[in-house]
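Take a look at the structure set out below.
Every read-out reported here was derived from the displayed coordinates using simple, explicitly stated rules and does not represent laboratory data. In this text the structure is predicted, and so the values were computed from the model without any measurement. Every residue, glycine as well, gets a Cβ built from its backbone with ideal geometry; the counts of neighbours run over all protein chains shown.
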Amino acid sequence: MRHMRSGRKLSRRKEHRTAMLANLAASIIKHGKVHTTDAKAKEVRPFLERLVTFARRGDLHARRIVLSRLKGDQDAVKKLFGEIGPRYASRPGGYTRILKLGFRQGDNSPMSLIEFVEDEEKKKPAKKSKAVKTKAKAPKKAEKTPETVEPEVTAEAAEKAVEAIEEAVEQPEEVPETAEVAPEEPAEETKAAEAVEEMPEPAKAPEAAAEEPAAEVPEEDEVKAKAETAETKKEAAAEEAETEEAADGDDAKPEEAGHSEEKAQSSDDEKSDEEK
């Protein structure tokens, strides 16, 4: 029975086992972590944590003890007392951790990863970074606040729509007035046409048309009717002018015929005188 007999032999003699643990501890100090078998990791963990505790003391005696246990590895001792010891100055033990990695291919032995745990100094900045992330996320929530403004905008749009509807409702009331005014226009047009017929000068017809009051309701049909009446007036004036010119021409033709006959008679008389 194994009463009061702790530790693992690891199939090695004492000298070989202590050298192996010293080399394994030095590798962990230098590289921060090591992949090894589960049994070796469990055996080197207390050996390494005792060395870290000596490094936390930092005195010369502790340095000499660590140097003797690491078999004179000066580089590992410097890093242990210069970096790792001060890092865990406020941590009372528990400097390493073991993570299971499954089984090794071949002999199917269980493998593990032994490494130093993160110190409190590194964890604090991580918390600050999380706080910074939460603060950075806060403006995004603030950016979403403009969604609350949408109801106000919709209310304003609704008010504008109501005003537009009211204006549209008020406009049909004004339409009957234009309808009442429309029948009065034919009477004004007839009066203007009679005034144009009474006036002898055709040139004054456009002036009379220009002096006529403009229609109050600018409808397309009425504008076309006005344009047609103006054209008819112009055509009538042009026909009257042509008839007057034709009458004047007919009166002038007999006079010219009389003058030509008189000239012929005078020429005959002159010829008879010359023969005599």
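Note on R8/L60: beta-carbon distance plugged into 1/(1 + (r/R0)^6) with R0 of 30 Å gives a FRET efficiency of 0.40.
Ordered by the count of other Cβ atoms within 10 Å of each Cβ, fewest first, R50, R56, R2 give R2, R50, R56.
Taking label points 7 Å from Cα along the Cα-to-Cβ direction, F47 and E15 give a separation of 1.6 nm. Amide H contacts of D73 (H built 1.01 Å from N, in plane; Pro and chain starts excluded): no residue 5 or more places away or on another chain comes under 5 Å.
Separation of the alpha carbons by more than 18 angstrom is noted, of K33/K79; K9/K33; K14/K79; K9/K100; K79/K100, for K9/K33; K14/K79; K9/K100; K79/K100. FRET efficiency for the S109 to A89 pair, using the beta carbon distance and R₀ = 51 Å, is estimated at 0.90.
Taking the fewest neighbouring Cβ atoms within 10 Å as the starting point, the ordered list for F103, F116 is F103, F116.
So if R0 is 30 Å, what FRET efficiency would D268 and A247 give, r being the distance between their Cβ atoms, rounded to the nearest 0.05?
With a Förster radius of 30 Å, E is 0.30.
List L80, L99, L67, L60 from most exposed to least, where exposure is judged by having the fewest other Cβ atoms within 10 Å.
Fewest-to-most Cβ neighbours within 10 Å comes out as L60, L99, L67, L80.
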